[in-house]
């Protein structure tokens, strides 16, 4: 997915502000120029999506850049597109192969059993709560 972002120009004393118009409340900034502002916006978008998915909220589709550029509140701002890995939105199951020392695997299995989970579910839980 490619989300348009609006970038408010900064200066030597002010950060470059970023707004993601399609994602309510998704803001970011960069103290050291436009490149940093874009990178920070990508991270903010990924976190916004992660939280929304955890709350079972729908993820808005990106708007047309041309339509967003017509909005008065962004007059004079710079526009960029941030590409987000579609895997962030996928709940598709994927089989993986990992390698762990036997002692670690035994500890993992014991903790999963104690939590009432199988190994895969417990690893997923750890990844999502860490």
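Every read-out reported here was derived from the displayed coordinates using simple, explicitly stated rules and does not represent laboratory data. Given the structure is predicted, the values throughout are model-derived calculations rather than measurements. Glycine also receives a Cβ, built like all others from the backbone with ideal geometry; neighbour counts cover every protein chain displayed.
Round to a whole angstrom and tell me the spacing of the C-alpha centers of region 89-130 and region 1-37. So the two Cα centres are separated by 36 Å. Short to long, the 10 Å bins of the Cα pair-distance histogram for region 1-63 hold 24, 50, 21, 5, 0 percent of all pairs. Relative to the dominant Cα principal axis of the chain, helix 102-114 is inclined by about 80°.
I need the calculated FRET efficiency for the pair residue 110 and residue 43, taking r as the beta carbon distance and R₀ as 22 Å, to the nearest 0.05. After rounding to 0.05, the efficiency reads 0.05.
Each listed q (0.10, 0.11, 0.18 Å⁻¹) maps to a log10 I(q)/I(0) for the chain from the Debye sum over equal C-alpha point scatterers, namely -0.48, -0.55, -0.96. Taking label positions 7 Å along the Cα-Cβ direction at both residue 73 and residue 12, the computed distance is 3.2 nm, reported to one decimal.
Per-residue Cβ neighbour counts within 10 Å put 79, 48 in the sequence 79, 48, beginning with the fewest. Between residue 81 and residue 2, the simple spin-label model (points 7 angstrom out along Cα→Cβ) gives 0.1 nm. Translational diffusion coefficient of region 87-130 (Stokes-Einstein, Kirkwood radius from Cα pairs, 20 °C, 1.002 mPa s): 184 µm²/s.
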